[in-house]
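Participant: Take this structure, written in structure tokens, and hold onto it; I'll ask about it next.
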Amino acid sequence: MNRTVYFVSESTGITAETLGHSLLSQFDTIDFEQVYMPYINTAARAKALTLRMQEAADRDGVRPVVFATMLNNEIRDILRNGNCFYMELFEAFVDRLSAELGVPPSLQSGRSHAITKPSFYTKRIEAINFAMANDDGIRPDNFHRANVVLIGVSRSGKTPTCLYLAMHYGLRSANYPVTEEDFERGDVPQLLYDCQQKLFALTIDPQRLQLVREERLPGSGYATLKRCQDDIRMAQQIYKRLRIPVLNTTTQSIEEISSQIVKALKDNQERELSKTVTMNS
């Protein structure tokens, strides 16, 4: 089955797209054609979009789905009256939350992604710069300044995970690639043992790793299944020696991996705080 989906907003549309994607992920038997429509902030643009919706309905033989975050009632009504299944994402929550909090909503568009906390925005920018400057083991002497250090074989997902942790959580993240030199030595540098409490390993199934490496360097020895199997096996031995958490990126998204890392860091902090309280009491 094919179905056209529109993510619509009078602002950036990031919220509509994010929540809409999460909802659509539960219906994996349908092939969705996804259309991103930000800045539908005039009646003329809304009317033009309803014409596109009608074209999609005529083409697909079924009305399109619309995920919207639309605070302007006039524009909302225009879209809702088009040939579509309209879901206003704020509508289900804002009124109920307003009643609970006892204050009316501001009804200002773009607030969820505005720079409302400049200090955290600056922290995220600094974390992103740190992740890029400390990618792929470039500056192991900076590991002591990192909040998180990831270790893994080449193409196991270290760099995108570091950037996600920086962008969404403001965490200074560095990573270290386990290489043939480490395999020959049978261990990693002492610097990694020194940051053991913030060290996490990423692993991946050899078959998946082969596909990723084959895209990177087609036909190379680096991308053979045997090389991938050997790299994963020897890396696992090192992870056991380090006694660190191992997260599998084969079936888990960057978001899932990152949330597990953040939770583990918080758990470590709480344990350390508990120890300190116990010692002082």
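The values are calculated or read from the model by the stated rules, or taken from the named source; none is laboratory data. If you're wondering where the values come from, they're calculated on a predicted model, not measured in any experiment. Ideal geometry is used to build each Cβ from the backbone, glycine not excepted, and the neighbour counts take in all protein chains shown. What goes into the accessible areas is simple: the full protein's heavy atoms, side chains included, and nothing from ligands, DNA or RNA. Shrake-Rupley method; radii C 1.70, N 1.55, O 1.52, S 1.80 Å.
Participant: Specify the angular offset, from 0 to 90 degrees and rounded to the nearest 10, of the alpha carbon long axis of helix 254-280 from the longest principal axis of the alpha carbons in the chain.
Facilitator: 60 degrees
Participant: What residues of region 1-16 lie in the reach of a label at Ala92, counting those whose backbone N is under 13 Å from a point 7 Å from the Cα along Cα→Cβ?
Facilitator: The answer is 16.
Participant: Then there's this: Stokes-Einstein diffusion coefficient for region 27-171 at 20 °C in a medium of 1.002 mPa s, Rh from the Kirkwood formula over Cα pairs: what value in µm²/s?
Facilitator: Estimated diffusion coefficient is 111 µm²/s.
Participant: Within the set of other residues whose C-beta is less than 15 Å from the C-beta of Leu165, count the net charge using Lys and Arg as +1 and Asp and Glu as -1.
Facilitator: Net local charge, Leu165 excluded: +4.
Participant: Zone of Arg241 (label point 7 Å along Cα→Cβ, backbone N under 14 Å): which residues in region 177-196?
Facilitator: 178-194
Participant: Kindly state, to the nearest 0.05, the FRET efficiency for Ala57 paired with Ile14, given R0 = 35 Å and r defined as their beta-carbon distance.
Facilitator: Approximately 0.85, to the nearest 0.05.
Participant: Hey, what's region 1-44 come to in accessible area per residue, 1.4 Å probe, Å²?
Facilitator: 55 Å²
Participant: Sticking with this one: Compute the Cα gyration tensor for region 189-265, then decide on rounded, prolate or oblate, letting a ≥ b ≥ c be the square roots of its eigenvalues: rounded whenever a/c is under 1.5, prolate when a/b is larger than b/c in the other cases, and oblate in all that remain.
Facilitator: Here region 189-265 falls in the oblate category.
Participant: Shifting gears a bit: Using 1/(1 + (r/R0)^6) with R0 = 51 angstrom and r between the beta carbons of Phe85 and Ile138, what's the FRET efficiency to the nearest 0.05?
Facilitator: Calculated value: 0.55.
Participant: If you take the square roots of the eigenvalues of the alpha-carbon gyration tensor of region 153-204 and sort them as a ≥ b ≥ c, do you get rounded (a/c under 1.5), prolate (a/b over b/c) or oblate?
Facilitator: oblate
Participant: Largest first, please: the extent of the C-alpha atoms of the chain along each principal axis, to the nearest Å.
Facilitator: Here the Cα extents, ordered largest to smallest, are 68, 60, 29 Å.
Participant: If each DSSP helix of 4+ residues adds -39,500 (n - 2.57) and the sum is divided by the residues in the chain, what number results at 222 nm, nearest 500 deg cm²/dmol?
Facilitator: Helix-only estimate at 222 nm: -15500 deg cm²/dmol.
Participant: Protein chains only, probe 1.4 Å: how do Ser11, Ser274 rank by accessible area, largest first?
Facilitator: Accessible-area ranking of Ser11, Ser274, largest first: Ser274, Ser11.
Participant: Report the local net charge at Lys263: Lys and Arg +1, Asp and Glu -1, summed over other residues whose C-beta lies under 13 Å from its C-beta.
Facilitator: So the environment of Lys263 carries a net charge of -2.
Participant: What FRET efficiency comes out for the pair Glu100/Asp187, r = Cβ-Cβ distance, R0 = 51 Å, nearest 0.05?
Facilitator: Once rounded, the FRET efficiency stands at 0.40.
Participant: Moving on to the next point. Calculate what fraction, in whole %, of the accessible area of region 188-235 sits on carbon and sulfur atoms when a 1.4 Å probe is rolled over the protein chains.
Facilitator: Percent of accessible area from carbon and sulfur atoms in region 188-235: 53.
Participant: Here is a follow-up. Given 0.36 nm per residue, what is the gain on full extension from Gln34 to Glu214 after removing their alpha carbon distance, in nm?
Facilitator: Roughly 61.9 nm would be gained on extension.
Participant: Who wins for biggest fluctuation among Asp205, Asp141, Asp31 in a Gaussian network model of the chain, springs between alpha carbons below 10 Å?
Facilitator: Greatest mean-square fluctuation among the candidates belongs to Asp31.
Participant: How many percent of the accessible area of region 1-79 is carbon or sulfur, using a 1.4 Å probe?
Facilitator: Here carbon and sulfur together make up 50 percent of the probe-accessible area.
Participant: Follow-up question, since we're still on this one. Against the longest alpha carbon principal axis of the chain, how many degrees, from 0 to 90 and to the nearest 10, is the axis of helix 118-133 turned?
Facilitator: With rounding to tens, the tilt is 50 degrees.
Participant: Separation of region 205-279 and region 11-46 by C-alpha centroid, Å?
Facilitator: Measuring centre to centre over Cα atoms gives 33 Å.
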